[in-house]
Amino acid sequence: MTQITILDGGMGRELERVGAPFRQPEWSALALIDAPETVAQVHAAYVQAGAGVITTNSYALVPFHIGEARFQAEGERLADLAGRMARQAAAGNPDVRVAGSLPPVFGSYQPELFQADVAQEYLAVLVKGLTPHVDLWLAETQSSLEEAEAAAIATRATGKPLWISFTLRDDDGAEALPRPELRSGQTVTEAAHLAVKLGAEAMLFNCSRPEVMGAALEAARAAEPRLRLGVYANAFSDSQDDDGAANEVVSTIRADLDPPHYCGWAEGWAAKGATIIGGCCGIGTEHIHHLAGHLGHSDKS
């Protein structure tokens with residue numbers, strides 16, 4: 001039986017739950033700035049829950065969230081701190097790896113804002129700060145092929161494995177699409193071919209509703225049968241395509257995605273070939289504990 005690598009879940013709401021400072025626009029970066037011990041606490045909780053990969057709290061370390069001036073002055077130091085907090089939680093447990101989170105640097109779900117040259121400038125700061133602490137790179141919530149390619153370029157010289165995770169169209173019409181699409185309108189098939197071309201170790205789908213993940217897995221597997229696949233869905237009540245600019249508000253969470261129900265979705269993703277499974281926004285430690293107990297995880301797969 002194929003073993004499943006269990007990722008951690010979302011960071012922001014878990015930080016809020018342990019009493020960390022939490023507001024927009026800083027989002028999860030605020031805890032790193034004002035109370036980094038809470039970041040280490042959440043990482044440790046995910047390890048205890050059974051996560052085999054924990055992700056650095058660097059997603060919001062971009063000018064979009066912390067402002068251009070703070071990013072230029074403190075971005076590398078904060079990325080280094082994010083890496084150290086995750087490595088601290090993984091220390092002494094050889095079965096736990098640390099993934100360096102690389103976000104879409106111009107804001108989530110907004111591929112139209114992408115600028116290649118500026119992206120490299122921003123990503124270089126994160127990569128430099130995180131490199132000493134991470135085992136692999138996780139380019140998260142990539143809305144377009146161009147965002148993913150930028151992450152691959154930024155990390156290539158580090159020699160560390162790259163996982164690319166795309167966010168999908170998940171509005172009301174998405175399930176009726178003839179082919180699953182990224183939020184840019186580019187297809188999952190194109191994304192799978194690009195992931196292989198870039199030498200990515202795995203391609204995942206994240207920060208989209210569970211309902212659209214199965215079709216994306218099927219399309220990716222049909223396009224690139226050897227490509228390792230993964231999923232970590234969000235628990236948002238509404239599609240982020242319908243909410244305007246990303247992260248302007250704190251989105252509400254669905255009541256029907258408790259740990260057993262989310263695990264039911266995960267079992268379906270595993271049946272469609274996903275071997276890396278975790279959670280995104282609104283999926284917490286209880287969900288990961290349930291996934292680890294039902295699906296298990298492998299340490300170096």
Original post:
How big is the charge dipole of the stretch 128-265 about its Cα centre, in debye rounded to the nearest 20, if each Lys and Arg gets +1 on its Cβ and each Asp and Glu gets -1 on its Cβ?
Top reply: 820
Original post:
Could you give the distance between the Cα centres of the stretch 19-36 and the stretch 164-228, to the whole Å?
Top reply: 31
Original post:
Using modelled backbone amide H atoms (1.01 Å from N, in-plane), which distant-in-sequence or interchain residues come within less than 5 Å of VAL134's amide H?
Top reply: none
**OP:** Run the quick spin-label model on ASP117 and LYS272: label points 7 Å from Cα toward the beta carbon, then report their separation in nm to one decimal.
**Re:** 4.0
Original post:
For the stretch 1-93, what's the radius of gyration and Dmax over Cα atoms, in angstrom?
Top reply: 13.6, 50
Original post:
Can you give the % of DSSP beta bridges in the chain that are antiparallel, to the nearest 5?
Top reply: 10
**OP:** Positive end of the charge dipole of the chain (Lys, Arg +1 and Asp, Glu -1 on Cβ, about the Cα centre): tell me which of GLY67, ALA151, ALA86 has its Cα farthest that way.
**Re:** ALA86
Original post:
How large is ³J(HN,Hα) for each residue in the stretch 258-264, as worked out from phi by the Karplus curve 6.51 cos²θ - 1.76 cosθ + 1.60 (θ = phi - 60°), to whole Hz, x for Gly and Pro?
Top reply: 6, x, x, 6, 5, 4, x
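Going by average Cβ density within 10 Å per residue, which order do the peptides 148-154, 170-176 take, highest to lowest? All intermediate terms of the calculation are to be shown ahead of the outcome.
Working: 148-154: 22.3, 170-176: 14.9.
Ranking, from highest mean packing down: 148-154, 170-176.
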Original post:
Which shape class applies to the stretch 40-179: rounded if a/c is under 1.5, otherwise prolate when a/b exceeds b/c and oblate if not, where a ≥ b ≥ c are the square roots of the Cα gyration tensor eigenvalues?
Top reply: oblate
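Work out the FRET efficiency for GLU211 and GLU37 from their Cβ-Cβ distance, taking R0 = 30 Å, and round it to the nearest 0.05.
Working: r = 37 Å, r/R0 = 1.24.
It comes out at approximately 0.20.
Evaluate E = 1/(1 + (r/R0)^6) for GLU286 and GLU218, where r is the Cβ-Cβ distance and R0 equals 25 Å; express this FRET efficiency to the nearest 0.05. Kindly include the intermediate steps, with their values, before the conclusion.
On the way: r = 29 Å, r/R0 = 1.15.
Taking R0 as 25 Å, the efficiency between GLU286 and GLU218 is 0.30.
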**OP:** At most 15 other Cβ atoms within 10 Å and a DSSP loop assignment: could you name the GluC sites (Glu not before Pro) in the stretch 188-236 that fit?
**Re:** GLU201
**OP:** Treat each spin label as a single point 7 Å out from the Cα along the C-beta direction, and report the HIS294 to GLN88 distance in nm.
**Re:** 3.4
Subject >> 10 Å Cβ shell holding at most 11 others, DSSP loop, trypsin sites (Lys or Arg not before Pro): longest site-free stretch of the chain >> reply: 24-225
Subject >> Residue among GLY107, ILE33, GLY129 farthest towards the positive dipole end of the chain, charges placed on Cβ >> reply: GLY129
**OP:** Extending each Cα 7 Å along its Cβ direction at LYS128 and THR158, get the distance between those two points in nm, one decimal.
**Re:** 1.4
Original post:
With θ set to phi - 60° and the Karplus curve 6.51 cos²θ - 1.76 cosθ + 1.60, what are the ³J(HN,Hα) couplings of the stretch 199-207 in order, to the nearest whole Hz, using x for Gly and Pro?
Top reply: x, 5, 6, 7, 10, 10, 10, 9, 6
Original post:
Residue by residue, what Karplus-based ³J(HN,Hα) values in Hz, rounded to whole numbers, does the stretch 3-17 have, using 6.51, -1.76 and 1.60 with θ = phi - 60° and x for Gly and Pro?
Top reply: 7, 10, 7, 9, 7, 6, x, x, 9, x, 6, 5, 4, 4, 5
**OP:** Assign unit charges at the C-beta atoms only (+1 for Lys and Arg, -1 for Asp and Glu), then state the dipole size of the chain relative to its Cα centre in Debye, rounded to the nearest 20.
**Re:** 1000
Original post:
Can you give the Kirkwood hydrodynamic radius for the stretch 5-295, in Å, rounded to one decimal and based on Cα pairs?
Top reply: 18.4
Original post:
Hey, which aspartates and glutamates would be in cross-link range of LYS128, C-alpha to C-alpha under 20 Å, not counting anything within fewer than 8 residues on its own chain?
Top reply: GLU68, GLU74, GLU76, ASP80, ASP117, GLU140, GLU147, GLU149
**OP:** Enumerate the amide H contacts of THR55 below 5 Å, restricted to partners 5 or more residues apart or on another chain; note that Pro and chain-start residues carry no placed amide H.
**Re:** ASP8, ALA99
**OP:** Search the structure for amide H atoms under 5 Å from the amide H of ASN206, placed 1.01 Å from N in the peptide plane, and list their residues when 5 or more places away or on another chain.
**Re:** THR141, PHE166, THR167, LEU168, TYR232
**OP:** Mind checking the full-extension length gain between HIS193 and GLN48? Use 0.36 nm per residue of separation minus the Cα-Cα distance, one decimal, nm.
**Re:** 48.6 nm
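No lab work stands behind these numbers, since they all come straight from the coordinates. Quantities reported herein were computed from a predicted structural model and do not represent experimental measurements. Here the Cβ is made from the backbone with ideal geometry for all residues, glycine too, and neighbour counts use every protein chain on show.
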